[in-house]
1. Would you calculate, for the chain, the mean residue ellipticity at 222 nm contributed by helices, counting each DSSP H stretch of 4 or more residues as -39,500 (n - 2.57) and dividing by all residues, to the nearest 500?
2. Output the Kirkwood hydrodynamic radius of the chain, Cα pairs only, in Å rounded to one decimal.
3. Step through the residues of the range 63-74 one at a time and calculate ³J(HN,Hα) from phi using the Karplus curve (6.51 cos²θ - 1.76 cosθ + 1.60, θ = phi - 60°), rounding each to whole Hz and writing x for Gly and Pro.
4. Over the chain, what is the relative contact order in whole percent, taking alpha-carbon pairs under 8 Å and six or more residues apart?
5. Using amide H atoms built in the peptide plane, which far-off residues or other-chain residues are under 5 Å from residue 38 H to H?
Amino acid sequence: TDGRVEAFDAVILATGFTPALEPLRGLVQLDDRGFARRSDRGTSVDHPDLFFVGHTYDAAGALFNIGRDAKLAARRIVERLR
């Protein structure tokens, strides 16, 4: 908010039970429920190096999906670091 720009290797933003993507406003597309649009379970359609965990909800349950998405994001991050 103060205009500073810094380089980061990774950013983790934990917002709770609802999407709170205001810090990314204008940088990512949102779906009708306010979640980031993804090309698969967790990869941003706008930025292939940006991952969202916990944005997939279905009958399997939130904790199951969070665990599944976290593993997928971790694998993708490791692949990009190689």
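No value in this document is a laboratory result; all are computed from the given coordinates. Since we're looking at a predicted model, the values are computed, not measured.
1. Numbers: 1 runs with 20 residues, N = 82.
Mean residue ellipticity, 222 nm, calculated: -8500 deg cm²/dmol.
2. Details: mean 1/r = 0.0727 Å⁻¹.
Its Kirkwood hydrodynamic radius stands at 13.8 Å.
3. Per-residue couplings from phi come out as 5, 4, 5, 4, x, 5, 5, 5, 5, 5, 4, 4 Hz.
4. Working: 66 pairs, mean separation 14.1, N = 82.
RCO, the chain: 17 percent.
5. Amide H to amide H, under 5 Å and 5 or more residues apart or across chains, residue 38 pairs with 45.
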